[in-house]
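Heads up, the thing below is written out as structure tokens.
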Amino acid sequence: MPTLSEISPPIADPSATVHSPAKELTVLGACPQDCPDSCAMVVTVADGVATSVSGSKSMPYTNGGLCVKVDNYLDKVYSPDRLLYPMKRSGPKGSNQFERISWDEAIATIAEKFTSISEEFGSEAIMPCNYLGTQGITQGLNVGDAFFNRLGATVAERTYCDAGSCTAYAMTVGDTAGVDPESFVHSKFILVWASNVMSTNLHLWPYIAEAKKRGAKVVVIDPVKTRTAKAASQYIPIRPGTDGALALAMIHVIIAEGLTDDAYIADHTVGYDELVERVAGYTPEWASEETGIPVDDICTLAREYAQSQPSVIRIGVAIERSAGGGQAVRAISCLPALVGAWRKPGGGLLQLPLWAFPVNWPAFLQTELQTPGTRVINLFRLGEALTGGLELDTPLKGLMVYNSNPVVVCPDQDRMIEGLSREDLFTVVSDHFLTDTASYADIVLPATTQLEQDDINFSWGHLFVTYNNRSIEPRGEAIPNSELFRRLAAAMGFTEAAFLRTDEELLADAYDWDAPAMEGITLESLREKGWQRLNLPSPEEYAPHAEGNFRTPSGKTEFVSSAAAGGNFVLPLFRQGSNDHQPGQPVDPLPHYIAPRETSRANPELADKFPLNLLSPKSHAYINSSFANIAMHQKVQREPSLLINPIDAAARGIESGAQVRVFNDRGEFIVIAKTDKSVMPGVTVCSMGYWRKNSISLSTPASLNPTVFADLGNAPTFSDTLVEVALVEQVGVNTENG
Ligand SMILES: Nc1nc2c(c(=O)[nH]1)N[C@H]1C(S)=C(S)[C@@H](COP(=O)(O)OP(=O)(O)OC[C@H]3O[C@@H](n4cnc5c(=O)[nH]c(N)nc54)[C@H](O)[C@@H]3O)O[C@H]1N2
Ligand SMILES: Nc1nc2c(c(=O)[nH]1)N[C@H]1C(S)=C(S)[C@@H](COP(=O)(O)OP(=O)(O)OC[C@H]3O[C@@H](n4cnc5c(=O)[nH]c(N)nc54)[C@H](O)[C@@H]3O)O[C@H]1N2
Ligand SMILES: [Mo]
């Protein structure tokens, strides 16, 4: 297999490596970032100072290398900008004026404010705002859930990532791990659908490259000819948000041309006849109009996909980010069963193998502490909720942000800033740095980085459990999230057992250690080895659905979904365990096409004003907005830019390097234009992640994204965003800089 340094050469920062004569200690760690690759890391330490981080050579998937982001993790750990002490605001909100306080004062202030807000307005006036700054089971997504459930705070619905895709996938095949990424080497046909693997899932690429070397065809479907698309056998450009049309037309062709695996369909699927009827109208000619892909290419793709077994589809998270994203995933999830792809190792679908990990979620969600009927607010609506755009019986008066940077990652940035600026809002932010969000806090709290804390991981990209041993003492007065919530619980007088657990006890609670997948894996063995593969068949043999056994109510691939009858749903994991307030909208049980909301077809008036589609995918050198303040990473990522097709640029008199204003009715941002044929005409791209305070216009793509949900799982519609682009008039530009 190709090595990672051949695929994506590391950019070494000489200043990050301290050459010390002291005896070096090697500590086994695990990357904490929100990424499918969850790498096993090796940290060297001399005299209590970390001197290097590298990827484990023994862990197969990590394959001896980290990525461009985490290679320079020490730059983050030892950054002079790290928050080291609690602080309170000493100037207007957003002015970045803070003064140091003690932890005692910080905790006492928060407890007093939370208590007085609860007394005056009710505890639903307080809301957490968190996501996946760190991904470990004990410090990550659910670390504060017990506290806020006990407090009776508004439940935060956190559907940033894959919530819609997961609903669709669960409706079709159930919560299955799907194809083992290590089995990809056995695939004969690999369809990479809306995923920029070489930037966002780097460690999968060697398996794809190996399959390609052995003769597999690799096809990438994306509106942008990304670095991944350039490395594929074939690149198929597609209009954003129209993936469902392509998938339905592929089903149409496969059925019409008799390319189905009839025995597999008979034994392991439900609703084939209904599906046949449903796709009759979804012809390649119709899909071609929708997607912009020539009819012949659609037919060839369907034929090659069906006839090159085992074939596998890797779907990226990006596929869910349009009005019909959920139904697109529904249609794609039907494809492998139709052609019997699941029969052999390396055949089927890879979405989110997280489901293979027997994480002990209830121990962290502590749903029994939640008052049934507690209000739920989706975080995409936070800007609206803070500024009167949502009708609320109880106003929001207290906000606690941790593991997240909502100013950059939530849509509706302008209203978010307006809301965070409210004098009557008490805001607490725990982070490593004074982020765009932390700048608006009343109390800022310093958090430890991964080197300063223990944690244990699942993965949403492979089948290994990884363990992070702490390698250095916390810098300054930084504390892990677990310790923060212990202190807050004590100050609030919460005495339930859930709040008394030490970090050691939390780690022991992380998994159902008796589950079959954990056989041979203990907390102790993980600490010693750093990583272990789940107890599953080897990648050479693992074909989880060769004999059906889907994790749906019928045990089959459900073309007609029984779960759809219960209506649209959000998995409780994404909402502090809450099952309340299910939208309950009935969902058509057969896959169908929902066009993007903001297109000239669906919305010609809007498209007249704003004819270009804005995508805001992941940056190569940042993880969401993390690392976007580190000089080394900024150097690799370069300045924020807008990729625009030369045809669209010429029509607006734009040349590469010019400053452009990107705008719609919701907001605007200003960046440098880069004309690039890699982007389809009609599409523009500005990678998300860069900080508002480092931008020309004090705004980022988030100011243009709608707060409207996609069809399933309350997923975002980041890709369903129309804009116009114009040259910046030299006068009147806001060049104020943070
Ligand atoms: N370097 C880096 N790696 C990351 C992250 C990061 O920020 N930086 N973030 C991590 C996280 S949280 C996630 S969720 C994953 C996400 O990883 P991916 O799923 O790869 O997500 P994106 O980069 O947002 O989008 C992937 C591709 O989808 C394309 N795309 C956008 N809209 C559409 C569409 O409607 N249809 C099709 N077919 N393609 C579309 C984009 O052009 C882009 O090339 O990456 C993880 N890894
Ligand atoms: N326009 C647009 N918006 C998007 C997306 C997109 O593709 N386009 N992608 C969406 C997706 S897929 C995702 S996953 C979300 C990601 O959204 P977030 O999870 O909010 O990601 P980050 O911006 O990286 O913010 C994480 C913050 O947590 C901090 N942090 C890290 N570790 C710790 C810790 O141990 N303790 C504490 N207290 N803080 C810590 C980091 O320093 C950072 O400031 O963004 C979403 N937003
Ligand atoms: Mo994500």
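Bear in mind that the values in this text are calculations on the coordinates, not laboratory data. Everything quoted here is computed from the prediction, not taken from an experiment. Here the Cβ is made from the backbone with ideal geometry for all residues, glycine too, and neighbour counts use every protein chain on show.
Observations on the structure shown:
- Distance between the 7 Å Cα→Cβ label points at residue 588 and residue 276: 2.0 nm.
- FRET efficiency, 1/(1 + (r/R0)^6) with R0 60 Å, evaluated for residue 6 and residue 497 via beta carbons: 0.75
- For the chain: relative contact order, % (alpha-carbon pairs under 8 angstrom, 6 or more apart): 20
- Computed extension gain for residue 647 through residue 47, at 0.36 nm per residue and net of the alpha carbon distance, reaches 210.2 nm.
- Whole-angstrom gap from the stretch 291-306 to the stretch 21-86, using each part's C-alpha centre: 44
- Shape call, the stretch 54-189: gyration tensor on alpha carbons, a/c limit 1.5: oblate
- Rounded to 5, the percent of DSSP beta bridges in the stretch 604-730 classed as antiparallel: 65
- Of all lysines in the structure, those lying under 16 Å Cα to Cα from residue 397, and not within fewer than 8 positions of it along the same chain, are 93, 113.
- FRET efficiency, 1/(1 + (r/R0)^6) with R0 25 Å, evaluated for residue 600 and residue 295 via beta carbons: 0.75
- Loop-located trypsin sites (Lys or Arg not before Pro) in the stretch 568-607 (DSSP state other than H, G, I, E, B) with a sparse environment of at most 15 neighbouring Cβ atoms within 10 Å: 601.
- Charge dipole (the stretch 179-350, unit charges on Cβ, about Cα centre) - positive-most of 280, 340, 319: 319
- For the peptides 298-311, 320-333, the ranking by packing is 320-333, 298-311, with the highest mean count of neighbouring Cβ atoms within 10 Å listed first.
- Under Karplus coefficients 6.51, -1.76 and 1.60, residue-wise ³J(HN,Hα) of the stretch 286-291 in Hz, glycine/proline x: 4, 5, 5, 4, 6, 8
- Shape call, the chain: gyration tensor on alpha carbons, a/c limit 1.5: rounded
- Other-chain or far-sequence residues with amide H under 5 Å of residue 349's (modelled H): 179, 313
- Taking packing as the residue-averaged number of other Cβ atoms within 10 angstrom, the listed peptides 27-40, 716-729 run from highest to lowest as 27-40, 716-729.
- For the stretch 604-730: lysine pairs under 18 Å (alpha-carbon distance), excluding those fewer than 8 apart on one chain: 4
- Ordering 409, 559, 129 by the projection of their Cα atoms onto the charge dipole of the chain, which places +1 on the Cβ of Lys and Arg and -1 on the Cβ of Asp and Glu, puts 409 at the extreme positive end.
- In this structure the amide hydrogen of residue 697, modeled in the peptide plane, comes within under 5 Å of the amide hydrogens of 670, none closer than 5 places in sequence on its chain.
- Each stretch of four or more DSSP H residues adds -39500 (n - 2.57); spread over every residue of the chain, this sum gives -7000 deg cm²/dmol at 222 nm.
- Residues of the stretch 56-71 with amide N under 13 Å of a point placed 7 Å along Cα→Cβ from residue 26: 56-59, 64
- Debye, to nearest 20: dipole size of the stretch 179-350, +1 on Lys, Arg Cβ, -1 on Asp, Glu Cβ: 860
- Selected from 664, 625, 722, residue furthest toward positive end of dipole (the stretch 604-730; charges at beta carbon): 625
- About the Cα centre, charge dipole magnitude for the chain (Lys/Arg +1, Asp/Glu -1 at Cβ), debye: 1560
- Remark: the stretch 466-483, residue by residue, has Karplus-estimated 3J(HN,Hα) of 10, 10, 9, 7, 4, 10, 9, 6, x, 6, x, 10, 5, 10, x, 4, 4, 5 Hz, where x stands for each Gly or Pro and the curve is 6.51 cos²θ - 1.76 cosθ + 1.60 at θ = phi - 60°.
- For residue 437, the residues 5 or more places off, or on other chains, whose built amide H falls under 5 Å of its own are 407.
- Counting DSSP beta bridges with both ends in the chain, the antiparallel % (nearest 5): 45
- Volume in Å³ per residue [convex hull over Cα atoms, computed for the stretch 604-730]: 120
- When +1 charges are put on Lys and Arg Cβ atoms and -1 charges on Asp and Glu Cβ atoms, the dipole computed for the stretch 654-706 relative to its Cα centre reaches about 140 debye.
- Full extension of the segment from residue 519 to residue 88, taken as 0.36 nm per residue of separation minus the current Cα-Cα distance, would add 150.4 nm.
- FRET E, pair residue 119, residue 414, Förster distance 30 Å, beta-carbon r, rounded to 0.05: 0.40
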